Amino acid sequence: MPIFEHRAEHNANITEIWNWHNSQGALRRIMPEWESIKPMNVGVIENDDETIFQVKIGPIKKTWVARHHSVIAGETFADRMIRGPFSAWNHVHNFESTSDNNTMIHDHIEYKLPFHILTGWSAGITVLPRLRQMFKYRSNRVTNDIRQIQATAELPRQKVLVSGSTGMIGLQLCAFLEAAGHEVHRLIRVNTKLPPDVNSSQIIRWNDRTGEVLEGDFNGFDTIIHLAGAGIGDKRWSKKRKQLIRDSRVIPTENLSRIISTLDQPPKTLMCGSAIGFYGDRGTEVLTESSSAGNDFVTDLCSQWEKATSEAKKVGIRVINLRSGIVITPLGGALVKLLRPAKLGGGGPVGGGRQMQSWISLDDEIFAIHHLMMNDTCVGAYNLTSPNAVSQKQFARILGRVLRRPALLPLPGFVIKILFGEMGQKLVLEGQNVQPKRLQESGFEFTYPNLEMCLRNCLGKMN
């Protein structure tokens, strides 16, 4: 059978590497962002345990069932495909210590395509390029996750409650926290449907609009991370939609703050979502956490959202407001909306392209949240953006270069206004040049400070 092999050395001992791979969150962390893979069951690394996920082969969805075998704890394990898109697949993972603090991971895969007669001559265009990009991504993810975990390895692991855990950021945040050894619980609403790979026993269920606790107990958490809220860019803004956006953020935050302020065992820290829309449309003005607020709907929303944590502050709970920029990932958000026209060569400047876009990679968003969570001297508002904001025209040009497509076809601003109304005006045609001043002063180092590096990694276009 054809063979694919990959080797990567990591600055970590075998125990650290093995524990990362054997964590509840490893499967989500190791799956490439551009592949649209959906985990269904996460098996522990034991003989005969199974990991199940859905994968897309072109327009077709396939269920992949992999059964572990040949497990020697701390040294090696293998996965044999029981059901899936290949005729045969066996993946052996070997972990070898190259020094006291370095480990080599050797991946050895034997496979057959469904029509095995085509495997040999077609592998170079059908299988191998995809595998090379996937394993580059996996190696980067392991290296980066381990580096973040090691930075706080001497600190106690925490019991963490996360709202918005089924969202784009929340899913990956929970997976990383689990891989880092924290005990993760999820705060969910009455109608929330958890993904099938999530531990559904570790939940608190509540009515976020009334504050009524329906299942579980808020006592005893070290940190609560509150990210839930209706998507601000999902639909055109009507009066009703704007009220929903506001109420889904401000009211639950007020209720959460009130609840935890009266607990016998309150959390030490409340981390609450916010956004750089706090600053309003400011052109090229350089903005930091000390900059004044703007004057529009999003500004007012963010201000109210942050003020809704006041009850927690009054009783001495450390409150951190996460003013996030544009989170870059093909899993959702702004990049998904840009990809289709960009792939067709229509990803040119929008509305002149001079508006500044303050962005952050999905990994750095997660790593920054973890960094602030573990650093008990951090309090107040923090900008979660790369230090290298770009104009929309620069963004379009860089995305086109990564995709190897022209980025010349402009889209006039009036078209955006016609299509998306006020939402398009505020989220597409306006911008801010936001700097993460306080985050960097706290000692945080970005993994992807450069936009092209970020896009190449998350889109599987690494050189």
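The values are calculated or read from the model by the stated rules, or taken from the named source; none is laboratory data. Note that the structure is a prediction, hence the values are computed from the model and not measured. Don't worry about glycine lacking a Cβ; one is built from the backbone with ideal geometry, like all the others, and counts go over all protein chains shown. Only protein heavy atoms, including side chains, enter the accessible area calculation; ligands, DNA and RNA are left aside. Shrake-Rupley method; radii C 1.70, N 1.55, O 1.52, S 1.80 Å.
When you check S238 against the structure, is it out of contact with any Asp or Glu (no Cβ under 8 Å at 6 or more places or on another chain), closer than 25 Å to M31 by Cβ and open to solvent by 20 Å² or more (accessible area, probe 1.4 Å), yes or no?
no
Out of S87, S36, I need the residue that is in contact with a strand residue (DSSP E or B) (Cβ under 9 Å, 6 or more places away or on another chain), at positive phi and of a type in the set (S, T, Y). Which one?
S36
Within region 165-203, take every residue that is touching a Gly at 6+ places or on another chain (Cβ under 7 Å) and open to solvent by 30 Å² or more (accessible area, probe 1.4 Å) and give me the one that is farthest from T51 (Cα to Cα).
M168
Report, by residue number, each residue of region 395-412 that is open to solvent by less than 80 Å² (accessible area, probe 1.4 Å), touching a strand residue (DSSP E or B) at 6+ places or on another chain (Cβ under 8 Å) and without any contact (Cβ under 8 Å) to a residue 60 or more places away in the chain.
F395, A396, I398, G400
Select from region 310-331 the residues that are part of a loop (DSSP other than H, G, I, E, B) and of a type in the set (V, I, T) and list them in ascending order.
V315, I317, T329
Would you say N94 is modelled with pLDDT of 95 or more, farther than 30 Å from M271 by Cα and not basic (K, R)?
yes
Looking at M40, M104, which one is among the hydrophobic types (A, V, I, L, M, F, W, C) and over 24 Å from N140 (Cβ atoms)?
Just a single option satisfies the conditions, and that option is M40.
Test each condition in (1) more than 17 Å from L384 (Cα to Cα); (2) of a type in the set (A, V, I, L, M); (3) open to solvent by 10 Å² or more (accessible area, probe 1.4 Å); (4) outside any helix (DSSP H, G or I) for L244 and report the one that comes out false.
The one condition L244 does not meet is (4).
Cβ-Cβ distance below 7 Å, separation of 6 or more or different chains: which pairs start in region 252-265 with a residue that is touching a residue at least 40 places away in the same chain (Cβ under 8 Å) and end on one that is of a type in the set (F, W, Y)?
As it stands, the answer is T253/W305; I259/F218; I260/F218; L263/F218, since those pairs meet every condition given.
Filter region 144-164 down to residues that are within 18 Å of S361 (Cα to Cα) and open to solvent by less than 20 Å² (accessible area, probe 1.4 Å), then give me how many there are.
Here the count works out to 3.
Among the candidates S261, S257, S290, which residue alone is surrounded by 22 or more Cβ atoms within 10 Å (Cβ to Cβ), of a type outside the set (A, V, I, L, M) and more than 22 Å from the chain's Cα centre (by Cα)?
Being surrounded by 22 or more Cβ atoms within 10 Å (Cβ to Cβ), of a type outside the set (A, V, I, L, M) and more than 22 Å from the chain's Cα centre (by Cα) holds for just one of S261, S257, S290, which is S257.
Does at least one position in region 278-296 carry a residue that is aromatic (F, W, Y), modelled with pLDDT of 90 or more and either within 30 Å of G400 (Cα to Cα) or assigned to a loop (DSSP other than H, G, I, E, B) (or both)?
Checked against the condition, which is being aromatic (F, W, Y), modelled with pLDDT of 90 or more and either within 30 Å of G400 (Cα to Cα) or assigned to a loop (DSSP other than H, G, I, E, B) (or both), region 278-296 yields at least one hit.
Report, by residue number, each residue of region 396-436 that is closer than 10 Å to V350 by Cα and within 23 Å of the chain's Cα centre (by Cα).
A396, V428
Out of the residues in region 347-395 meeting the condition of being modelled with pLDDT of 95 or more and among the aromatic types (F, W, Y), tell me which one is farthest from the chain's Cα centre (by Cα).
The selected residue is Y382.
List pairs: first in region 289-316 and over 22 Å from S442 (Cβ atoms), second acidic (D, E), Cβ under 7 Å, 6+ apart or cross-chain?
Going by the 7 Å Cβ cut-off, the qualifying pairs are G294/D281; A308/E254.
Across region 299-309, which residue is most open to solvent (accessible area, probe 1.4 Å) among those that are within 18 Å of D208 (Cβ to Cβ) and assigned to a helix (DSSP H, G or I)?
Filtering region 299-309 for residues that are within 18 Å of D208 (Cβ to Cβ) and assigned to a helix (DSSP H, G or I), the one most open to solvent (accessible area, probe 1.4 Å) comes out as K307.
So, in region 2-42, exactly how many residues are assigned to a loop (DSSP other than H, G, I, E, B) and closer than 27 Å to P59 by Cβ?
Result for region 2-42: 6.
If I filter region 43-72 down to residues being open to solvent by less than 30 Å² (accessible area, probe 1.4 Å) and part of a loop (DSSP other than H, G, I, E, B), which single residue comes out as nearest to L27 (Cα to Cα)?
Residue satisfying both the conditions and the ranking: G43.
Please state which one of S358, S386 is surrounded by 22 or more Cβ atoms within 10 Å (Cβ to Cβ), over 30 Å from K159 (Cα atoms) and polar (S, T, N, Q).
After applying the criteria, what remains is S358.
Regarding region 23-35, can at least one residue be identified that is hydroxyl-bearing (S, T, Y) and surrounded by 15 or more Cβ atoms within 10 Å (Cβ to Cβ)?
So far as region 23-35 goes, yes, one or more of its residues are hydroxyl-bearing (S, T, Y) and surrounded by 15 or more Cβ atoms within 10 Å (Cβ to Cβ).
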